[in-house]
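Notes follow once the structure below has been shown.
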Amino acid sequence: MKHEKTSHDRRHATTPQGGLSIAPSLEEALPRTSGKALGNGGARVLDRRVLFISAVAIGIAMVSALIAHLLTMLIGLSTNLAYYGRVSTSFVSPAHNHLGWLAALVPVIGGLIVGVMARYGSRAIRGHGIPEAMEQVLTNGSRIPPKITWLKPLSSAVAIGTGGPFGAEGPIIATGGALGSFVGQLLHTTSAERKTLLAAGAAAGMTATFGSPIAAVLLAVELLLFEFRPRSLIPVALACVTAAGIRSSFLGTAPVFAMPGVVAPGEIALVFYVALGLATGVLAVGVTRLVYAVEDAFEKLPIHWMWWPALGGLVVGLVGLVAPRTLGVGYDNIEGFVTGTSVGQAALALCVWKLVSWAIALGSGTSGGTLAPLFTIGGGFGAVVGGLAIALAPHAGIDVRLAALVGMAAIFAGASRAFLTAVVFAFETTLQPAGLIPLLGGCAGAYLVSCLLMRNTIMTEKIARRGVVVPGEYVSDHWEQVAVRSAGAREVVTLAASDTLASVRLWLETREPGSRHQGYPVLDDKQRLTGVVTRRDLLDGNPEDGRRIGDLVKRAPVTITDNRSLREAADLMVRAGVGRLPVMAQGRKDLLVGILTRRDLISAHGARLAENHTAVRHIRVRSALSRRWRRISARVKG
């Protein structure tokens, strides 16, 4: 770097050729101020703390997997008691009950119980589960009230066991997240570590339910962590592996939705699956808006919200009389779609009635999730559209089972925008590799439509209405990609420690170049950096008291080397409580080569904005051809 020399007679100077030295007496203070991470060796991605967090995450996963198993048993017990009058924990469907019209009252009773639990226990048990966990991550340092750890599974067992059209996975995910948060609050953890433990518990719960550890990790990344970093990814992955192992000991390793083998689709079929994804994306937008329209309608009712789940339960019960298969979890319905045993009018009727029942029940504020109902609605839609396509084009190579699978995944991708989670989940729960490409195309189509037509998702609309800003995409930090040497000022205006405050005050009034700065490095008589003074320091106090500029230095200089990133610089400014950093040469922490201010940090984003919003054509075909033709013509004439 090149720097101009100026005379100290002007009461200020720029950094001389080669930079300035730091005072030897301050060399030991600098590492304590700036930290080891800001040396020349580069910041470490991980530290040993991740080993402790990983061990805790594994323990949480063990408990979450057991809770998932117990919750399934609780749902079975609730269902058997409510619909069959027997004491049993076997997982059964309410659809085969023999209660007649009395079956319509069972969901009402369940809704009353959930309403009382929410009113006198915790209102946080109402709703999807995942949005509430997201809100705690974004606004409350990942601190979920401990009582949610047991209130959520109990209320969900009652709601689902009495016919609620929800899946068990939502409450299990929410309970696992609450457990992770609870443990994180018991231990000495940072907010980031609690978030990791919350996500580990939630992902372990999903893994224990569906046997989909990779999809669970992706769900944690896309909906809870809002980052892709080793410090959080490793504990979550280990938690999912642990939960998968425990699940296999209970249920084996067979796919949740057993599906006959399918063949890889041809070109025409692939086009159809992408088109199906686009159509399912429209459906996902419609479903999301319907759920929140129902929720808004309940908000206008002139009765206390404690009674709303009972009203929703009444609709669930009446729909259950018409379409009994809409009651309860309904995993068998999803399997019917992907195996091709539920198609045509039966699939359409189940899809429509399930949507009506679930939207009203969820909008009423009862305790339930979104995943299984979405899979049922999307799977039924895919099966219906796939059946119509086969009838119209029997030789196109379309498979109604693959169509149902694509619909199932695409509606989740469109409604939640957990794109990668949807693709991998559908594969892990069926173990059909031939479906990966159709899933990728269909989910991409749904994701595209959702992003174009809907601002928020089914997971974020509720908390966005409360003023919570939810990250919509995950991109690398621009500051991490810019070195300090690319942003900091290279010509530093400095003050001499021996200068009097009065003389510097006079210079500030001249408005000469550099006199309007907000901070100045201070040099001793050997041109070594001793500290930094601000404009406020210079303007405070009586200038006639004979003080020297060196007397105004209050602390050792907080510095950064020029090879560090702007992210590290910004973090150091916050930790040290300073607004500017002297920049030292790489490999020479005692050599001043520049200064970095907060304004420099903001200005560095200009390149990012230009990269995203400035379109430039670098290759002009017409001009290139014209130049080429002129050269050829010149050669011919020559």
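The values are calculated or read from the model by the stated rules, or taken from the named source; none is laboratory data. Remember, it's a predicted structure, so these values are computed and weren't measured experimentally. Reconstructed Cβ throughout: ideal geometry from the backbone, glycine too, with neighbour counts over all protein chains shown. Ligands, DNA and RNA are excluded from the accessible area calculation, which covers all protein heavy atoms including side chains. Shrake-Rupley method; radii C 1.70, N 1.55, O 1.52, S 1.80 Å.
Observations on the model:
- Selected residue (criterion: most open to solvent (accessible area, probe 1.4 Å)) from residues of the stretch 455-485 that are among the hydrophobic types (A, V, I, L, M, F, W, C) and farther than 16 Å from residue 223 by Cβ: 475
- Contact map, the stretch 77-93: first residue under 19 Å from residue 153 (Cα atoms), second residue basic (Lys, Arg) and surrounded by fewer than 17 Cβ atoms within 10 Å (Cβ to Cβ), Cβ cut-off under 9 Å, separation 6 or more or different chains; pairs are 80/86.
- Residue 571 being within 19 Å of residue 490 (Cβ to Cβ) and not in a strand (DSSP E or B): no
- The stretch 465-506, subset of a type in the set (Asp, Glu) and touching a helix residue (DSSP H, G or I) at 6+ places or on another chain (Cβ under 8 Å), residue nearest to residue 612 (Cα to Cα): 477
- Flag for residue 79 being at pLDDT below 90 and within 16 Å of residue 164 (Cα to Cα): no
- Only residues that are outside any helix (DSSP H, G or I) and either touching a Cys at 6+ places or on another chain (Cβ under 7 Å) or over 27 Å from residue 312 (Cα atoms) (or both) were counted across the stretch 324-341, and they come to 2.
- For the stretch 258-266, the criterion of being free of Cβ contacts under 8 Å to residues at least 24 places away in the same chain and surrounded by fewer than 18 Cβ atoms within 10 Å (Cβ to Cβ) is met by no residue.
- Of the residues 278, 283, 311, the single one that is more than 27 Å from residue 427 (Cα to Cα) and open to solvent by 20 Å² or more (accessible area, probe 1.4 Å) is 311.
Rundown of residues vs (1) aromatic (Phe, Trp, Tyr); (2) closer than 15 Å to residue 54 by Cα; (3) open to solvent by 30 Å² or more (accessible area, probe 1.4 Å); (4) touching a residue at least 40 places away in the same chain (Cβ under 8 Å), yes/no style:
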{"residue": "187", "(1), (2), (3), (4)": "no, yes, yes, yes"}
{"residue": "190", "(1), (2), (3), (4)": "no, yes, yes, no"}
{"residue": "206", "(1), (2), (3), (4)": "no, no, no, no"}
{"residue": "227", "(1), (2), (3), (4)": "no, no, no, yes"}
{"residue": "246", "(1), (2), (3), (4)": "no, no, yes, yes"}
{"residue": "251", "(1), (2), (3), (4)": "no, no, yes, yes"}
{"residue": "256", "(1), (2), (3), (4)": "no, no, yes, yes"}
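- Qualifying residue in the stretch 463-474 (condition: of a type in the set (Lys, Arg) and over 30 Å from residue 584 (Cα atoms)): yes
- Helices (runs of 4 or more DSSP H) wholly inside the stretch 138-255 that include at least 3 residues being closer than 29 Å to residue 447 by Cβ and of a type in the set (Val, Ile, Thr): 169-186, 191-210, 230-251
- Residue 488 passes every criterion in (1) over 30 Å from residue 136 (Cβ atoms); (2) in contact with a Phe, Trp or Tyr (Cβ under 9 Å, 6 or more places away or on another chain); (3) open to solvent by less than 30 Å² (accessible area, probe 1.4 Å) apart from (2).
- The test for being open to solvent by 20 Å² or more (accessible area, probe 1.4 Å), within 19 Å of residue 366 (Cβ to Cβ) and not small (Gly, Ala, Ser) does not hold for residue 352.
- The sole residue among 329, 406, 316 that is buried (at least 24 other Cβ atoms within 10 Å of the Cβ), under 20 Å from residue 155 (Cβ atoms), of a type in the set (A, V, I, L, M) and at pLDDT 90 or above is 316.
- Looking only at residues in the stretch 586-618 that are outside any strand (DSSP E or B) and of a type in the set (Ser, Thr, Tyr), the one that is farthest from residue 567 (Cα to Cα) is 614.
- Residue check, residue 426 open to solvent by 10 Å² or more (accessible area, probe 1.4 Å), farther than 29 Å from residue 141 by Cβ and among the small types (Gly, Ala, Ser): no
- Residue count for the stretch 388-399, restricted to those that are open to solvent by 30 Å² or more (accessible area, probe 1.4 Å) and in a helix (DSSP H, G or I): 4
- Among residues of the stretch 413-431, those that are farther than 19 Å from residue 369 by Cα and either of a type in the set (S, T, N, Q) or within 15 Å of the chain's Cα centre (by Cα) (or both), counted: 2
- Unmet criterion (only one of (1) open to solvent by less than 20 Å² (accessible area, probe 1.4 Å); (2) at pLDDT below 90; (3) not acidic (Asp, Glu)) for residue 150: (1)
- Residue among 116, 106, 137, 183 that alone is aliphatic (A, V, I, L, M), surrounded by 20 or more Cβ atoms within 10 Å (Cβ to Cβ), more than 23 Å from residue 216 (Cα to Cα) and in contact (Cβ under 8 Å) with a residue 40 or more places away in the chain: 106
- Any hit, the stretch 619-631, residues being part of a loop (DSSP other than H, G, I, E, B), over 16 Å from residue 481 (Cα atoms) and either free of Cβ contacts under 8 Å to residues at least 24 places away in the same chain or not small (Gly, Ala, Ser) (or both): yes
- Residue check for residue 593: surrounded by 10 or more Cβ atoms within 10 Å (Cβ to Cβ) and β-branched (Val, Ile, Thr): yes
- Considering the stretch 460-563, the qualifying helices (runs of 4 or more DSSP H), each wholly inside and each with 3 or more residues that are in contact (Cβ under 8 Å) with a residue 40 or more places away in the chain, run over 461-465, 501-508.
- Filtered by the rule that a residue be surrounded by fewer than 16 Cβ atoms within 10 Å (Cβ to Cβ) and not polar (S, T, N, Q), the stretch 333-349 gives a lone residue, 344.
- Flag if residue 87 is touching a helix residue (DSSP H, G or I) at 6+ places or on another chain (Cβ under 8 Å), among the hydrophobic types (A, V, I, L, M, F, W, C) and open to solvent by less than 10 Å² (accessible area, probe 1.4 Å): no
- Looking across the stretch 69-90, the residues that are in contact with a Phe, Trp or Tyr (Cβ under 9 Å, 6 or more places away or on another chain) and among the hydrophobic types (A, V, I, L, M, F, W, C) come down to 73, 75.
- The residue that is surrounded by the fewest Cβ atoms within 10 Å (Cβ to Cβ), counting only those in the stretch 90-103 that are farther than 12 Å from residue 160 by Cα and within 39 Å of the chain's Cα centre (by Cα), is 90.
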